[in-house]
Amino acid sequence: MTDRVASHYGENLQLADAIAEKLRGAGKDLNKLTTADLAIVDEFHIRGRKATLELGERMNLNASSHVLDIGSGLGGPARTLAETYGCQVTGIDLTQAFCEAATAMSGWVGLDNRVSFKQGDATNLPFENQVFDAAMTIHVAMNIAAKDKMYAEARRVLKPGGIFAVYDVLQGEGGEVFYPVPWARDPSISYLATPNQMKTLLTRAGFKLRDIQDSTEESQSFFERMTAQMAKTGTSPVIWQLFLGHDFPAMARNQVRNVSERRIRTVSYFCTA
Ligand SMILES: C[S@@+](CC[C@H](N)C(=O)[O-])C[C@H]1O[C@@H](n2cnc3c(N)ncnc32)[C@H](O)[C@@H]1O
């Protein structure tokens, strides 16, 4: 299963080169890139960098914090928090091509001393017990059947009292999801939990649930704006098609329907270990 997930995301093995070429084509000077310039590709989740900053605000971070990002993708959320709070962030991700691109991109914006990325599986973290001050996971559990193991691992590696912030796509009450979607071309690698299941999963993993925020309406506007721009100009506000390929316009259109019919919801959970 994990091989199929990694190949869903990681078919473009020269990803950093392809991203650099796109940015150059968009008129960016590669010697003066900022994290904001990268956000069109490296904040690979609904509502982008804004959603990452919202999580960061609730994670009690400062320059001495060491944060774990579970399913770190191209490293955008890790760099955003490292830049905003001066903290250290370690990212772990199943997809080797994403870890390599994330490492290269961190060098482009001078953050390679504060973030690092390692290939690995969220259900079997390669870290000792109680080593991180905080942890986050953004749009990852949709690809993970064994969510009980994933959250137990997050709990294990967090220091007592450490904050775990989860922002994920959940199964809504509106019915089955239309595929393809950005995390799966068909249901075989898609495992959405319902909001009720999430509460049980996090509590059973030993977390104390402090707050829940549903951002579904804002997610609907995010995809409506994206598809309106694609229909009008033929361009997209994000360049995820570099790794999602030619299915990307269909994925975006399906997401408008999935979210507006509440087949999916986006929800954040703030817990303490
Ligand atoms: C939609 S992307 C989100 C990436 C990143 N969190 C972000 O928001 O920009 C989902 C990521 O989850 C990773 N992933 C899926 N299953 C995983 C697993 N079992 N362990 C670690 N990473 C996983 C994928 O490789 C992919 O990078």
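Could you state the orientation-averaged shadow area of the convex hull built on the Cα atoms of the chain, in nm² to one decimal?
It is 12.8 nm².
Summing +1 for each Lys or Arg and -1 for each Asp or Glu, what net charge is found among the other residues whose Cβ lies under 14 Å from the Cβ of Gln197?
Net charge in that neighbourhood comes out at +1.
Using only Cα atoms, locate the centre of the stretch 41-91 and the centre of the stretch 170-240, then give the distance between them in Å, rounded to an integer.
Between the Cα centre of the stretch 41-91 and that of the stretch 170-240, the gap is 19 Å.
Using a 7 Å offset from the Cα along the Cα-to-Cβ direction at both Gln119 and Asp29, what is the distance between the two label points in nm, to one decimal?
Result: 3.6 nm between the two label points.
If you put +1 on each Lys and Arg Cβ and -1 on each Asp and Glu Cβ, how big is the dipole of the chain around its Cα centre, in Debye rounded to 20?
Using only the charged Cβ atoms, the result is roughly 420 debye.
Residues of the stretch 14-54 with the amide nitrogen closer than 16 Å to a label point 7 Å from the Cα of Ser221, along Cα-to-Cβ, please.
Within reach of a label on Ser221, which here means backbone N under 16 Å from a point 7 Å along Cα→Cβ, the stretch 14-54 contributes 46-52, 54.
Name the residue farthest towards the positive end of the dipole of the stretch 2-272 from the options Ala97, Ser190, Ser7, assuming +1 on Cβ of Lys and Arg, -1 on Cβ of Asp and Glu, about the Cα centre.
With unit charges placed on the Cβ atoms, the residue in question is Ser190.
Given the stretch 131-273, what whole percent of its Cα pairs are spread farther than 27 Å?
Percent of Cα pairs beyond 27 Å in the stretch 131-273: 27.
Can you tell me the order of 232-243, 213-224 when each peptide is scored by its average per-residue count of other Cβ atoms within 10 angstrom, highest first?
The peptides rank, most packed first, as 213-224, 232-243.
For labels at Asp214 and Phe127 in the simple 7 Å Cα→Cβ model, what's the distance in nm?
3.1 nm
Determine the order of Phe164, Phe127 by accessible area, beginning with the largest, at a probe radius of 1.4 Å.
The most accessible residue leads, giving Phe127, Phe164.
Can you compute the helix-only [θ] at 222 nm over the chain? Use -39500 (n - 2.57) per DSSP H run of at least 4 residues, normalise by all residues, nearest 500 deg cm²/dmol.
Computed mean residue ellipticity for the chain: -12500 deg cm²/dmol.
Given a 1.4 Å probe and heavy atoms of the protein chains only, how would you sort Asp168, Asp133, largest accessible area at the top?
Putting Asp168, Asp133 in descending order of accessible area: Asp133, Asp168.
Can you pull the one-decimal nm distance between simple spin-label points at Thr194 and Ser236, each 7 Å off the Cα toward Cβ?
Each label point is offset 7 Å from its Cα along the Cβ direction, giving 3.1 nm.
The values are calculated or read from the model by the stated rules, or taken from the named source; none is laboratory data. Predicted model, so just to flag it, every value in this text is computed and none were measured. Cβ sites come from the backbone with ideal geometry, for glycine too, and all protein chains shown count toward neighbours. Heavy atoms of the whole protein, side chains included, go into the accessibility calculation; ligands, DNA and RNA do not. Shrake-Rupley method; radii C 1.70, N 1.55, O 1.52, S 1.80 Å.
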